[in-house]
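Comments concern the structure below.
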Amino acid sequence: MTIHLSILVFFPALMGLVSAFSPRTLAPKILLIGTLIPLAYTIFMITDFDAGAGLQYVTDDAWISELGIRYKLGIDGLNLWLILLTCVIAFATALWLCVRPPEDRAGLFCFHFAIGQTAVLGAFVAQDLALFVLFFDLMLVPFYFIVGQWGAGDRAAAAMKMVIYTLVGSLLMLAAAVATAVLSQTDGPLTFVLSDLQANPLPESTQKWLFIAFALAFLIKMPAFPFQGWMPDAYKSMPLPALAFFSGVVSKVAAYGFLKLVLPLFPAATNDWNVALLVLAVISILYGSIQAFTQTNARLILGYSSIAQLGFITLGIFAIDSAGQGAQGALLQSVNHGLVVAPLFFVVALLAERAEGSEDIRDYGGIAFRAPVLAALFLIVALATLAMPGSANFAGEFLILLGAFSSVQFLAFVASLGVILASVYALRMYIRSMHNRVGPKVTSFEMTARDGLVLVPLVIAILAFALYPQLALDAGEATVRSTVEAVLR
């Protein structure tokens with residue numbers, strides 16, 4: 001059976017367009033269909049994927065021949081499980097919108113969300129540098145409208161700040177992508193195809209400047225320290241269902257970009273700049289963890305914890321250990337973090353319903369007394385966040401630290417403090433919400449069966465992935481090793 005990746009990428013956008021012209025109650029159901037088909041496609045690909053066969057399910061057609069841009073899509077060990085993560089979180093979000101459709105312009109909200117899923121999937125499967133940049137930039141557009149039209153608080157300022165930060169990075173990457181293709185051109189025609197660019201490596205001095213442009217774009221998108229200035233306002237304003245997808249998936253495109261583009265295209269520059277990236281990763285881990293501990297807004301606790309987790313992922317990518325364990329752990333942790341943070345945002349929505357709409361954990365407390373099922377599900381996700389032994393997060397962070405200790409021992413030791421800090425902020429949020437004295441605004445009641453339709457499958461996915469993370473490791477091992485070995489040569 002041939003997998004047509006164009007269907008995987010563009011089917012959500014097609015259903016989103018249909019939902020835009022549908023009644024309020026019908027639009028989320030159409031979006032749900034738009035997320036279900038890609039999910040089914042991806043599950044089939046995982047069962048059929050051959051870890052040792054390289055790039056698979058390839059679509060390769062001429063697009064803009066004069067510029068050397070091809071419409072080339074493909075699946076390999078780096079993007080397979082990230083695509084599954086995208087489809088799982090998108091389906092859960094669509095289900096959430098079915099349970100609680102937006103009160104205002106639900107069809108238009110579903111349309112923007114579907115465009116966001118298409119952009120993320122397109123970036124993951126793109127095998128042409130220009131095509132990747134196109135989808136990478138497209139991701140910004142729907143979330144700008146979602147924040148600006150459906151956001152809370154000073155949503156216009158939050159949307160503008162997000163655009164300014166990320167647009168700067170995107171423009172830098174666009175210029176660097178064009179320069180990469182032009183400077184890589186030899187006697188043949190101009191090309192943006194990644195495999196062709198990797199076959200014609202640039203001089204080390206040229207790689208250094210292009211590396212900086214790509215790295216800035218990805219560090220801003222994550223975000224990582226010190227480029228996180230847009231995050232607090234955006235996280236406080238963005239509607240929770242969209243934020244679950246944004247935090248769980250969109251930030252992973254940046255981590256994927258480091259593995260897919262930066263390391264293979266600029267191996268010499270990676271060796272030159274990896275210590276600087278490792279230092280930024282460790283600072284992000286400590287900064288994000290400390291900020292998460294000091295925050296009382298539940299959204300910001302999760303936002304700053306995401307900075308810390310993405311710091312771990314960056315640490316693994318640039319550990320550049322000979323066995324590739326750090327990069328394998330980074331890829332695994334990218335999936336883990338998305339699976340964990342998305343249900344946490346759904347939990348925040350449920351907690352707010354029980355505290356007069358407040359998202360401040362100081363207004364919570366005692367919710368577990370009348371909501372034991374919600375408390376149990378929240379506990380499972382919280383324990384996964386702090387990387388308890390036996391969880392998939394534990395396996396990911398263990399591999400990252402193993403790779404880091406084999407190459408940069410001091411920084412790895414400092415980074416390991418982030419594991420301790422994670423247990424502090426995760427348990428603090430759980431205990432303040434579920435236990436202690438009943439909060440001043442709390443009316444505790446159990447979650448409904450409709451809420452369980454969203455939360456329970458995500459928790460089951462976390463548990464399943466914890467029991468057998470090896471499936472994802474096996475799929476990505478060969479590709480990750482070849483990527484790291486290209487840098488070590």
message = Show me the GluC sites (Glu not before Pro) within the stretch 318-421 that DSSP assigns to loop and that have at most 16 other Cβ atoms within 10 Å of their Cβ.
response = 356
ask   = With axes computed from alpha carbons, what is the tilt in degrees of helix 5-20 against the longest principal axis of the chain, rounded to the nearest 10 within 0 to 90?
value = 40
request  = Give the angle, between 0 and 90 degrees and rounded to the nearest 10, that separates the Cα long axis of helix 409-434 from the longest principal axis of the Cα atoms of the chain.
outcome  = 30
request  = Sort 204-212, 245-253, 68-76, 313-321 for me by packing, meaning the mean count of neighbouring Cβ atoms within 10 Å per residue, highest on top.
outcome  = 313-321, 245-253, 68-76, 204-212
message = Can you pull out the trypsin sites (Lys or Arg not before Pro) in the stretch 336-405 whose DSSP state is coil and whose Cβ has at most 15 other Cβ atoms within 10 Å?
response = 370
query = Lys pairs in the chain, Cα-Cα under 24 Å, at least 8 apart or on separate chains: how many?
reply = 15
request  = With unit charges on the beta carbon (Lys/Arg positive, Asp/Glu negative), name the residue among 234, 62, 248 whose Cα is farthest towards the positive pole of the charge dipole of the chain.
outcome  = 234
task = Could you tell me how many degrees, from 0 to 90 and to the nearest 10, lie between the Cα long axis of helix 27-48 and the main elongation axis, the longest principal axis, of the Cα atoms of the chain?
result = 50
message = If you filter the stretch 15-61 for chymotrypsin sites (Phe, Trp or Tyr not before Pro), then keep DSSP loop positions with at most 14 other Cβ within 10 Å, what is left?
response = 21
query = What number, rounded to the nearest 500 deg cm²/dmol, is the helix-based mean residue ellipticity at 222 nm of the chain, given -39500 (n - 2.57) per DSSP H run of at least four residues and division by all its residues?
reply = -23500 deg cm²/dmol
remark   = Matching label for the computed Rg and Dmax of the Cα atoms in Å, out of (1) 35.4, 107; (2) 21.4, 74; (3) 22.5, 72, is (2)
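Where a number appears in this text, it was derived from the coordinates with a stated rule and is not lab data. None of these values were measured; they are calculated from a predicted model. Note that each Cβ is placed from the backbone with ideal geometry, even for glycine, and that neighbours are counted across all protein chains shown.
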